[in-house]
1. Work out how much length residue 110 to residue 86 would gain on full extension: take 0.36 nm times their residue separation and subtract the Cα-Cα distance, in nm to one decimal.
2. Filter the cross-link list 52/163; 124/163; 126/175 down to pairs whose alpha-carbon distance in this structure exceeds 21 Å.
3. I need to check one value: relative contact order of the stretch 27-182, counting alpha carbon pairs closer than 8 Å and at least 6 residues apart, in percent.
4. Set the Förster radius R0 to 25 Å, insert the Cβ-Cβ distance between residue 54 and residue 157 as r into 1/(1 + (r/R0)^6), and round the FRET efficiency to 0.05.
5. PRE reach from residue 69 (point 7 Å along Cα→Cβ): which of the stretch 40-55 fall under 15 Å by backbone N?
6. Would you mind computing, in nm to one decimal, how far apart the modelled labels at residue 150 and residue 164 are, each placed 7 Å from Cα along Cα→Cβ?
7. According to the Kirkwood expression over distinct Cα-Cα pairs, how big is the hydrodynamic radius of the stretch 27-182, in Å?
Amino acid sequence: MTLNLTRHRNILFASLLLLLSLYGCSNALPRTEDTTRSRWDSFAEAMADYEKITPYTTTVEELKSLGYDPYTQPNIRILSYLDIIQRFMPNQSITLDDLDPGLSFCIQSRNLCQAYEARPQQAKTKRVGNVFMDLLTFKRRTIASGWSFNALIVLSDGIVVYKVWSGSPIISGDKLRKNPLGPLQGVNSSTLIDAL
């Protein structure tokens, strides 16, 4: 009776593995999503608000309406004039005269100088393919997608004096990893000898 039950379990387990390998079942594979919360849901939205900022004209109050308010919007850093010096003058070979006039003026005004840094982003990764091949590490394929935006707005006494942006409107990647020996690929030879 016990032998029969064990045999049925083994057949059921083998059938399940066969079904998984035939079906592929990529929905069972891991997925990750990394989002830095902000008011912007896309690169285009973030860029549109950034382009409305005009140095020597835009005020702190106007920045708030564009989403650059560290006190009401998440993930906006406030930088001091010391942070700005560290970022734009990393060594002594760079002087105030080498900087944009707005940055130089801001640094010289010391405590009246600050900056807002926003880095909204959305990055997704998902593994696709055959679950059986993936779980046994024979073949793993990962697809990445998303966007990122980085804006630095420098203010002196409540007026924007400098702005700069960088980012990736489209993040897209495909990573394929093959291990012909599957789960044995990562096992070193001494472990195999000890097992024998």
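No value in this document is a laboratory result; all are computed from the given coordinates. Please read all numbers here as calculations on a predicted model, not as lab measurements. A quick note on method: Cβ atoms are made from the backbone with ideal geometry, for glycine too, and the neighbour counts reach across all protein chains shown.
1. On the way: separation 24, 0.36 × 24 = 8.64 nm, distance 1.33 nm.
That pair, residue 110 and residue 86, stretches by 7.3 nm at full extension.
2. Values: 52/163 11 Å; 124/163 28 Å; 126/175 10 Å.
Over 21 Å Cα-Cα: 124/163.
3. For the stretch 27-182, the relative contact order is 28 percent.
4. Details: r = 16 Å, r/R0 = 0.65.
About 0.95, to the nearest 0.05.
5. Under cut-off, by backbone N: 40.
6. 1.0
7. Values: mean 1/r = 0.0554 Å⁻¹.
Computed over Cα pairs of the stretch 27-182, the Kirkwood hydrodynamic radius comes out at 18.0 Å.
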